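Reading through the structure tokens given below for one structure.
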Amino acid sequence: MLAATRKAFTTLPSIASKATYATASQAVQIGTAQNGIKVAAIEEQGETAGLSIIVNGGARLENGANAGAAHFLKNYGFKNNANRTAFRVAREAELYGAVLSSNLTHESLVYSAEFLKADAAQVAELLGDVVSNQKFQDHEFVDVARQTAEESSGAWAEADVIAIEAAHQTAFRTGLGNAIFARPSSKVNNAAVKAFAAEAFKQGNLTLVGSGLSLEQVEKLAANIQVPQGQSTFAASKYHGGEARVDFHTSSYVLAFEGAAATAADQAAAQVLQFALGGHSLVQYGRASGILGQAAAKFAQGTEIKAFNLNYSDAGLFGVYVAAPTTKDTAAAVAAAAEHLKAVAQGLSAEDFQRAVAQAKFATASANRLDRLESVGAQVAQGKYTSAAEVTAALDKLAVADVAKVAQQVLKSKATAVAVGDVYNLPYADSLSL
């Protein structure tokens, strides 16, 4: 069956800690198939398995002429191809009890399948056809465009999506600044999607990751992927910072700074800093945890102040997301968040540090199958895989001073401030005394 499309993020809780790792009991093996496709296998017990094709690039691969093409291409997954009609793809998936899905992030386009282990060979054919034999027929583009428009209209109606996407664009401008969701102004047509696919679906851009399958099995299944040789190149990310203001019917605010890249030496400390600040509820219907959770409790009910730490292959974005029932409360909560950011740069209490390290360790090891497949694939595609044991070891070596140092470094960068809502009354960055 075709699952509902997975979105890279629609709310801040789902992006609070995107990086996930296979645990010690889920060893990861990495190799290269005979056709040159990079492969990885995550050890997993049980009767079911998963496969994901990770296309390195995601929305980052777009340019000004084809903005939104990655979103359209995501929705072309499992449509008519040279071997099967879309109807047959769905029918075969149903007969195998398989679930097919797709996902898009700023750096990855992912097509996935979950299935019974005995059906791996058959389902791998369905998955391989997506990148190898897609037809990109004009009449089918009508349905793809409709689905893309529906997803985009829903996303751009959410204040948190508007704020986070605007923060990316303000911070990075192009590349990582490209939006995940196609904008209403997008002029993408079928020819543009097909051309984008030709650039994205190259041997050097693809990684096949299996969960619950051996490395040998995944290497054999990679034979279903037949794409041209080559690899896309990306301009290095550059952090700019700045300010954006978007008129909207509800108020929210992002205050962000240059963060750590996924492979940076200070990434572990940045992760602990995020959890020390917190702001996310760890108990159903309970109060938000962390320093920012306590701060939010002092404002009107419904106020959210949440830290985030987004890490990419060569850049990062660290900051705080604020939302409140009124513009006045949002402005006050933003000011409080700024004060807490400055305070943590002076150090953490032993209790806050211990809690944050424990939460970071748990986040490292806890993820569903699809997130593990995507995370491992993205790391392999970018040339460096970090195991959960290595992350835990890095967390264990940290001291309070390391976290304070990262906070100080973050605050030295130019702020990225995004005000969404009543832009006449929400604060400007230079009024926050950072």
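Computed from the coordinates by the stated procedures, all read-outs in this text should not be read as laboratory data. Nothing here was measured: the structure is a model prediction, and the numbers come from that model. Here Cβ is always computed from backbone atoms with ideal geometry, including for glycine, and neighbour counts include all displayed protein chains.
Remarks
- When the Cα positions of 360, 230, 75 are compared along the charge dipole of the chain, 230 comes out farthest toward the positive end, with charges on each C-beta of Lys, Arg, Asp and Glu.
- Taking a straight line from the alpha carbon of residue 328, these aspartates and glutamates sit under 19 Å away, with near neighbours fewer than eight places off in the same chain left out: 160, 247, 304, 339, 422, 430.
- CD proxy at 222 nm, helix term only [per DSSP H run n ≥ 4: -39500 (n - 2.57); per residue of the chain; nearest 500]: -12000 deg cm²/dmol
- Positive minus negative residues near residue 273 (Lys, Arg vs Asp, Glu; Cβ under 11 Å): -2
- For region 219-225, the Karplus equation 6.51 cos²θ - 1.76 cosθ + 1.60, evaluated at θ = phi - 60°, returns couplings of 4, 5, 5, 5, 4, 6, 9 Hz by residue, with Gly and Pro reported as x.
- Across 384/414; 38/135; 74/384; 74/187; 135/220, pairs whose alpha-carbon gap is larger than 20 Å: 384/414; 38/135; 74/384; 135/220
- For the chain, built as a Gaussian network whose Cα springs stay under 10 Å, the top-fluctuating residue of 401, 149, 98: 401
- Student exercise, region 332-383 dipole from Lys, Arg, Asp, Glu Cβ charges, in Debye to nearest 20: 140 debye
- Across the options 50, 164, 434, the greatest Cα extent toward the positive end of the charge dipole of the chain (unit charges at beta carbon of Lys, Arg, Asp, Glu) belongs to 434.
- Under a 5 Å amide H cut-off, with hydrogens placed 1.01 Å from N, residue 423 pairs with 248 among residues at least 5 apart or on other chains.
- For region 127-186 versus region 252-324, the inter-centroid distance based on Cα atoms is 25 Å.
- Euclidean distance of C-alpha centroids, region 201-237 and region 41-61, integer Å: 10 Å
- Local charge for residue 116 was computed over the other residues whose Cβ lies under 14 Å away, with Lys and Arg +1 and Asp and Glu -1, and equals -4.
- Among the trypsin sites (Lys or Arg not before Pro) in region 323-413, those placed in a DSSP loop whose Cβ has at most 12 other Cβ atoms within 10 Å are 384, 397.
- Taking amide hydrogens as placed 1.01 Å from N in the peptide plane, the amide H of residue 281 sits under 5 Å from those of 289, each at least 5 positions away in sequence or on another chain.
- Net charge dipole size for region 242-431 [Lys, Arg +1 and Asp, Glu -1 on Cβ; Debye, nearest 20]: 260 debye
- Simple Cβ-charge dipole of the chain, Lys/Arg +1 and Asp/Glu -1, about Cα centre, in debye nearest 20: 420 debye
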